[in-house]
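Below is one structure, written out as structure tokens, with a few remarks after it.
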Amino acid sequence: MDPGGAFAKHLLFPLQCLWERNTVPRHLADLEQTQWRTQDEIRDLQLGRMQHLLDHAYGNSPFWRRRLDAAGFGPGDLTSLEQVAELPVLTKQDIREHAQAMVDTTADTSKLMRDKTGGSTGEPLNFMRTADRDSSRVAAAIRHDRWTGWDIGDKAAYIWGHPRDLAAQASRRRQLRRRFLERRIILDTSSLSRDRLAEFRDELLDFRPVVYIAYANSLYLYARFLEETGGDWHRPGAVITSAEVLDPDRRAVIERVFDCKVFDRYGSRETGVIASECEAHDGMHLCAEHLYVEFARDGRPVAPGEQGRLLVTDLSNPVMPFIRYEIGDVGAPHAGGACTCGRGLPRMEMAAGRVTDFLLTPAGSIVSGAALTIYLIANAPGVAQAQLVQEVRERILIRVVAGEGYGDATHAFFAQQIPRFFGPDMKYDVEEVAGIPSEASGKHRFSICKLDPTELF
């Protein structure tokens with residue numbers, strides 16, 4: 001680590017945590033120790049936290065008291081994690097209809113952090129968490145980032161497209177803070193062109209980060225651009241991919257172009273990091289200290305290696321409990337034994353999740369489907385679910401499942417926003433449909449492009 005990195009790690013990072021009064025250092029120290037516990041010890045930790053969560057939810061959340069009563073569970077009734085499978089599944093519709101009743105009645109909601117999902121698999125969800133839970137999520141991300149060889153103080157580049165991150169990057173003062181104090185840069189992948197990809201190459205050569213943290217498909221496209229155009233480019237020590245399903249062929253391209261290993265990651269806006277690859281690259285370790293993850297078919301557990309719907313319980317956010325939350329993805333508990341890395345954290349395999357194709361503008365730029373789920377659909381009034389389909393460059397089809405408030409405001413929103421993302425020459429049609437089912441694999445295909453985005457090259 002260079003002197004600037006050591007200065008950032010040992011002085012600036014602790015001072016920032018003190019200034020913000022967050023609990024990241026405490027949680028990080030805990031997570032660095034608990035990952036080395038045995039699987040049985042980690043399950044004991046999960047059981048204790050699950051018992052506390054259920055007892056707290058029963059006593060302080062009207063929704064959960066009714067639901068636990070109906071399931072025959074009261075305070076102190078849970079004695080094993082196997083009993084969790086007897087509880088009902090929490091759906092996204094449950095949260096939309098009962099969000100207020102889910103919240104802890106004793107909590108000061110003015111001090112809670114508010115967030116929402118991107119809406120790639122349906123209408124965005126609004127939810128809350130404590131500042132301490134926010135800190136534990138940050139700590140979990142740092143812990144998992146460290147598995148790549150990166151550490152606090154090392155440079156990182158986010159090849160990303162999330163509006164909240166990009167908005168924070170917008171001011172010059174914020175850019176300077178990120179670059180020199182936090183030692184990271186964010187490269188906007190929401191709209192890509194040859195010129196923009198060339199700018200990425202120049203910025204990364206100048207900044208020389210230790211790790212790239214990227215939308216999987218955006219990084220693949222950048223890698224293809226580098227191969228096609230040649231010349232010199234920066235090769236980081238490691239790459240973290242997230243936000244989209246990473247298939248083996250694209251992983252191979254990324255590893256070949258950047259001459260480093262890919263560490264795939266799975267997470268969600270609702271829960272933070274769910275699972276990450278370690279240096280063994282044999283499945284993804286679950287963030288089991290804060291999350292209890294089940295793989296279920298028809299609400300019951302599947303055997304190791306078998307695919308099931310993911311049900312996630314956040315063990316560390318009692319103010320708005322998500323218990324057996326059906327997140328909408330498919331995975332499998334790892335069928336192997338203990339990981340060769342030595343960590344006792346259980347592992348999973350990702351079977352299916354969000355799949356987003358790039359879309360093309362009439363002018364020839366590329367628009368990230370992953371970014372559109374958050375920039376466009378999350379803010380569209382009255383849209384319960386949507387899918388974008390492109391068969392020709394000059395026109396897209398927007399399939400919409402109408403929700404509450406759908407109407408003139410929705411169409412006015414699209415009329416304003418489509419030119420913003422695709423330029424003034426893009427034509428579009430809106431088709432109302434009853435539903436947008438997942439594919440047979442379980443994948444949610446939010447955007448479908450029947451053109452080849454690599455024709456950009």
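Values in this text are rule-based calculations from the coordinates and carry no lab data. Computed from a predicted structure; not experimentally measured. Heads up, the Cβs are rebuilt from the backbone with ideal geometry, glycines too, and the neighbour counts pull from every protein chain shown.
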Check: How do 1-7, 19-25 rank on mean C-beta neighbours within 10 Å, highest first?
Finding: 19-25, 1-7
Check: In what order do Val401, Val433 fall by count of nearby beta-carbon atoms within 10 Å, going from fewest to most?
Finding: Val433, Val401
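Looking at the square roots a ≥ b ≥ c of the eigenvalues of the Cα gyration tensor of segment 264-419, which shape do they give, rounded for a/c under 1.5, prolate if a/b is larger than b/c, or oblate? If you can, show how the numbers build up before the last one.
Values: a/c = 2.60, a/b = 1.85, b/c = 1.41.
In terms of gyration-tensor shape, prolate.
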Note to self: I'm a student and want to see the number: the projected area of the Cα convex hull of segment 181-327, averaged over all directions, in nm².
What the structure shows: 11.1 nm²
Item checked: Highest-first arrangement of 322-329, 357-364, 335-342, 237-244, where packing means the average Cβ count within 10 Å -> 237-244, 322-329, 357-364, 335-342
Checklist line | Between segment 322-395 and segment 41-120, the alpha-carbon center distance in angstrom | finding: 25 Å
Notebook entry, point to check: ³J(HN,Hα) across segment 410-416 via Karplus (A = 6.51, B = -1.76, C = 1.60, θ = phi - 60°), whole Hz, x for Gly/Pro?
Noted result: 5, 5, 5, 4, 5, 4, 7
Next item on the list: Assuming a ≥ b ≥ c are the square roots of the Cα gyration tensor eigenvalues, decide whether the chain counts as rounded (a/c under 1.5), prolate (otherwise, with a/b larger than b/c) or oblate.
Entry: oblate
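Just the number, please: percent antiparallel of the DSSP beta bridges in the chain, rounded to the nearest 5. Can you show the working numbers first?
On the way: 40 of 71 bridges.
Among the beta bridges of the chain, antiparallel pairing accounts for roughly 55 percent.
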Note to self: Out of all DSSP beta bridges in segment 186-287, what portion is antiparallel? Express it as a percent rounded to 5.
What the structure shows: 45 percent
Next item on the list: Give the peptides 87-93, 134-140, 284-290, 11-17 in descending order of average Cβ contacts within 10 Å, highest first.
Entry: 284-290, 134-140, 87-93, 11-17
Item checked: Helical mean residue ellipticity (222 nm; -39500 (n - 2.57) per DSSP H run of 4+; nearest 500) of the chain -> -10500 deg cm²/dmol
Margin query: I need the calculated FRET efficiency for the pair Thr38 and Glu97, taking r as the beta carbon distance and R₀ as 30 Å, to the nearest 0.05.
Written below: 0.15
Margin query: Once you order the gyration tensor axes a ≥ b ≥ c over the Cα atoms, which shape class does segment 204-252 get: rounded for a/c under 1.5, otherwise prolate or oblate by comparing a/b with b/c?
Written below: oblate
Notebook entry, point to check: Want the number for Ala409 to Thr340: 0.36 nm per residue separation, take away the alpha-carbon distance, what's left?
Noted result: 19.4 nm
